[in-house]
Amino acid sequence: MGVKTRTPLIAGNWKMNLDHLQAVAFVQKLHWTLKDAKHEDGSVEVAVFPPFTDIRSVQTLIDADKIPFALGAQDLSAHDSGAYTGEVSGAFLAKLDAKYVIIGHSERREYHSESDEVVAAKTKAALKHGLSPVICVGETAEDLEKFGASAVPVGQLEVALQGLPKDADIVVAYEPVWAIGSGQAATPQQAQDVCATLRTVVAKVLGDDAAARTRILYGGSVKAANIASFMREPDVDGALVGGASLVVDEFAAIIRFEKHVGV
Ligand SMILES: O=C(CO)COP(=O)(O)O
């Protein structure tokens, strides 16, 4: 396997944590921590995914202080505008300079009954508004026992990618549901196996160029102590981090994974 050419992406999914004041303080501290460590050279892309109510404040801070973090949302509406109470349009997120939007996180699939078809519609909505969808796929413990690790994520990704243009700017996140918030991460080999299989799905649906370009992240109990072992794998291009993205020093250490890779 050759040297990875894709820019690693370390993404913090804050879920329903940190209000807008806490978010601003957090982003400032993270920025200072990385700056002190001289780790804002662009070798790793950093993205934060705050709750909707924080996005404007974080955008203003990032903009004013020229902080090199990308901004993302945790969800969006499949619709552009209209009578959809409580929903947020991709157009509004794009206006706030959001670059990414998480789609089909397992918590939305489970608690909001989001089907593969809804995920596909939201993926199209994101691209329509110039946002890069971070398409989440992953199997439950039960799926793992019944079908093995790859079958469910492959099926989910195939539906999400259907009908997308070959040059679609997407990110895929493999998040085994049993590893999320459990403290029990997948092994690097398990993550590599599924990420490599997902890359073949991208190749089959969108072509080889898209497969070579698309970043595939691992998510599920990622922390500073295990990030390097995932990043060593050829098909793991970054991480979607939950709990550990809420602790400045821990998240900064994850972003600085190269320090532990020892290449
Ligand atoms: O769901 C996740 C990120 O989207 C992973 O969460 P944890 O890192 O807390 O396991």
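Largest first, the extents of the alpha carbon coordinates of region 104-232 on the three principal axes equal 36, 33, 27 Å.
Close amide-amide hydrogen proximity is noted between residue 215 and 172, each under 5 Å apart and 5 or more residues distant or on a separate chain (H modeled in the peptide plane; Pro and chain starts excluded).
At q = 0.15, 0.23, 0.24, 0.30 Å⁻¹ the log10 of I(q)/I(0) for region 44-95 amounts to -0.45, -0.89, -0.94, -1.22, computed by Debye summation with a single uniform scatterer per C-alpha, solvent ignored.
Please compute the contact order of the chain in relative form: average sequence separation of alpha-carbon pairs under 8 Å and at least six residues apart, divided by the residue count, as a percent.
Working: 491 pairs, mean separation 52.9, N = 263.
That works out to 20 percent.
Here's how it looks for residue 73: its modeled amide H is under 5 Å from those of 100, 101, 102, which are all 5 or more places away or on a different chain.
Please return the longest stretch of the chain lacking exposed loop sites, where trypsin sites (Lys or Arg not before Pro) count only if DSSP places them in a loop and at most 12 other Cβ atoms lie within 10 Å.
67-165
Annotation for region 206-263 versus region 140-172: alpha-carbon center distance of 19 Å. Fully extending the segment from residue 196 to residue 63 would add 44.3 nm, taking 0.36 nm per residue of separation and subtracting the current Cα-Cα distance.
Provide the net charge surrounding residue 93, with neighbours chosen by a C-beta distance below 14 Å and charges set as Lys +1, Arg +1, Asp -1, Glu -1. Numbers along the way, then the final one.
On the way: positive: 56, 95, 99, 122, 128; negative: 54, 75, 80, 87, 97.
Once positives and negatives cancel, what remains is 0.
With the convex hull constructed from alpha-carbon coordinates only, region 1-139 shows a mean projected area of 10.1 nm² over all directions.
Taking 219, 181, 82 as the candidate residues, the one with maximal mean-square fluctuation in a Gaussian network model of the chain, Cα springs under 10 Å, is 82. On a per residue basis, the chain carries 45 Å² of accessible surface, using protein heavy atoms and a 1.4 Å probe.
For the chain, a Gaussian network of Cα nodes joined below 10 Å ranks 141, 185, 64 by mean-square fluctuation, and the top entry is 64.
Give me the percent of the accessible area of the chain that comes from carbon and sulfur atoms, probe 1.4 Å, all protein chains in place. Intermediate values should be presented prior to the final figure.
On the way: 6350 of 11800 Å².
Of all accessible area on the chain, carbon and sulfur atoms account for 54 percent.
For region 9-261, the normalised intensity computed at q = 0.13 Å⁻¹ comes to -0.77 (log10 of I(q)/I(0), Debye sum over alpha carbons, equal scatterers, no solvent). Rounded to whole numbers, the Karplus 3J(HN,Hα) couplings from phi for region 160-177 are 4, 8, 3, x, 7, x, 4, 9, 4, 8, 10, 10, 10, 10, 8, 10, x, 4 Hz, using 6.51 cos²θ - 1.76 cosθ + 1.60 with θ = phi - 60°, and x at Gly and Pro.
Estimated at 0.36 nm per residue, the fully extended path between residue 32 and residue 113 surpasses their Cα-Cα distance by 25.2 nm. Note on residue 41 and residue 166: with the Förster distance fixed at 22 Å, the Cβ-Cβ geometry gives a FRET efficiency of about 0.10.
Dipole check for region 1-81: with +1 at the C-beta of Lys and Arg, -1 at the C-beta of Asp and Glu, and the Cα centre as origin, the magnitude is about 260 Debye.
The label-point distance for residue 19 and residue 187, in a model that sets each label 7 Å from Cα toward Cβ, rounds to 4.6 nm.
The values are calculated or read from the model by the stated rules, or taken from the named source; none is laboratory data. As the structure is a computational prediction, the values presented were derived from the model and not from experiment. Because the Cβ atoms are built from the backbone with ideal geometry, glycine has one as well, and the counts that use them run over all protein chains shown. Surface accessibility is based on the protein's heavy atoms, side chains included, excluding ligands, DNA and RNA. Shrake-Rupley method; radii C 1.70, N 1.55, O 1.52, S 1.80 Å.
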